[in-house]
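Down below is the structure, laid out as structure tokens.
The values are calculated or read from the model by the stated rules, or taken from the named source; none is laboratory data. As the structure is a computational prediction, the values presented were derived from the model and not from experiment. Quick reminder, even Gly has a Cβ in these numbers, built from the backbone with ideal geometry, and neighbours come from all protein chains shown.
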Amino acid sequence: MRLPLLALLARGPAHGYELKQDLEQLLGSAYPQPNVGQIYVTLGRLEKSGLIEGEDVEQSSRPNKKVYHLTDAGREALHAWFEETEDEPRVRDEFFMKLALAPQTGLADQIALINRQRRQYLNTMRSLSKLAAAEDRDNRMAHLLIEGAMLHLQADLDWLERCQEELEELE
Amino acid sequence: MSATPGDGSAPVLRAEGLVKTHHGEGAPAHAVRGVDLSVRRGEFVAVTGPSGAGKSTLLHLLGGLQRPDEGSIWLDEVRADGWSEARWAVERRKRIGIVFQFFNLVSNLSVADNVELPALLAGLPPKRARAEREALLGELGLAGKERSMPGELSGGEQQRVALARALVNHPPLLLADEPAGSLDSKGTREVMRLLSRFHQRGQTIVLVTHDARLASAADRVISFFDGRIADDATLEGTPARGKGISGVLELRD
């Protein structure tokens, strides 16, 4: 949350609620309810560490609102963020440990584990399909995000299929 | 809501103890090894599994394109596995629409003729055949392409023509064999959207695919391994709120 908020502020000063709306617009249904409380807390932390500065702006008939802008240190932090590459997503470790350990416990069947896990993935895939169908066609970023999630899930499903092929041969 | 008969109705399609072994070069391949399956009216069933698992063979058995070595097939509770080739050909025109991975359009007929031909063969007057064709092509976003030849269309467009051809006689059952198998990601989404739309109107669909994204459009997914049904899962209609994908994206801290 810290860096995305900094990135939104790179365009110009904004207050907390505006940032929430910017996030909503950018990410659409892929991130349906940005938590406004979380946004304010994060802004507080960013200010404390000197990456942004807030100014109280008076409003008629309403309490003051705080408008934040990026500091030089904040801009520096953003540069560093864009420079870095990110870790690859990993195989679902917990499921893998269940699969690997099931036979020796005698408490679970590997094929049954795979089938159950597949049902969960398929249900999630279905939810993602519905999300994509409901999303505004013009929100390309939201669509790319949902498609990315679907492709990861597809890989997980392919991998379950590989597990099942291998393990059924042993039976 | 579509007004389809409820759960109590007879299955559109039923198979019992289906077995099919391919005898080619080398060892016999056991493509389908004892499959029981029942599809209710209005259901959208996807069959998924690795390539070579026998899922296409299963679909071919259900559409009468291949004959089972053992077992029985019932369409609307009429036993069908003993039908002659000619009878199957007739029934496929009326009761079963099929779409394939490579479209199988007649390359020297126009788009309009490809779609109208099965309607005319089924005995529809030319005027009605044309009206059906116009309505379907319009619906599938192909208005203006009537005079094109299949080779002039993109893969996605050809598959939509194939879909129109399969549905022109309003068959109670649509079989689809890897319908997005030769399409790009955009074409895949298009096929998915169209299958969902026809399903919502009550079309019964059996779809064979290795693509989980496509399969997730169905409300029931059968996992097929090594010629047998390994799992038969009904998918939930709506996502559980607050978990899973209520946010695809998670922004921490």
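Couple of notes before you dig in:
- Applying a threshold of 6 Å to beta carbon distances and a minimum spacing of six or more residues, or different chains, the list of pairs starting in the stretch B:47-66 at a residue that is free of Cβ contacts under 8 Å to residues at least 24 places away in the same chain and assigned to a helix (DSSP H, G or I) and ending at one that is buried (at least 24 other Cβ atoms within 10 Å of the Cβ) and of a type outside the set (S, T, N, Q) is empty.
- Residue in the stretch B:86-136 that is surrounded by the most Cβ atoms within 10 Å (Cβ to Cβ), counting only those that are in a helix (DSSP H, G or I) and β-branched (Val, Ile, Thr): B:VAL115
- Evaluation of A:VAL67 against (1) surrounded by 13 or more Cβ atoms within 10 Å (Cβ to Cβ); (2) part of a helix (DSSP H, G or I) (one fails), failing number: (2)
- Breaking point among (1) more than 21 Å from B:ASP219 (Cα to Cα); (2) surrounded by 18 or more Cβ atoms within 10 Å (Cβ to Cβ), for A:GLN117: (1)
- Being assigned to a loop (DSSP other than H, G, I, E, B) and not assigned by TED's automatic domain parsing to the domain that holds A:ALA30 is a condition met by at least one residue of the stretch A:109-124.
- Selection status of B:ARG197, within 14 Å of chain A (Cβ to nearest Cβ), surrounded by fewer than 19 Cβ atoms within 10 Å (Cβ to Cβ) and not in a strand (DSSP E or B): yes
- Summed over the stretch A:1-47, residues that are among the β-branched types (Val, Ile, Thr), in contact (Cβ under 8 Å) with a residue 24 or more places away in the chain and more than 23 Å from A:ALA80 (Cβ to Cβ) total 0.
- Residues (touching a residue at least 24 places away in the same chain (Cβ under 8 Å) and more than 7 Å from every other protein chain (Cβ to nearest Cβ)) located in the stretch A:154-164: A:ASP156, A:TRP159, A:LEU160, A:CYS163
- Of the residues contained in the stretch B:227-239, none is found to be surrounded by fewer than 22 Cβ atoms within 10 Å (Cβ to Cβ) and assigned to a helix (DSSP H, G or I).
- Pick from the stretch A:105-127, criterion of a type in the set (A, V, I, L, M) and touching a Leu at 6+ places or on another chain (Cβ under 7 Å), ranking: farthest from the other protein chains (Cβ to nearest Cβ): A:LEU113
- Matching residues, the stretch B:208-231, being under 22 Å from B:GLY34 (Cβ atoms) and more than 9 Å from chain A (Cβ to nearest Cβ): B:VAL208, B:ARG220, B:ILE222, B:PHE224, B:GLY227, B:ARG228, B:ILE229
- Contact map, the stretch B:137-153: first residue free of Cβ contacts under 8 Å to residues at least 40 places away in the same chain, second residue of a type outside the set (A, V, I, L, M), Cβ cut-off under 6 Å, separation 6 or more or different chains; pairs are B:LEU142/B:ARG160; B:ARG147/B:SER110.
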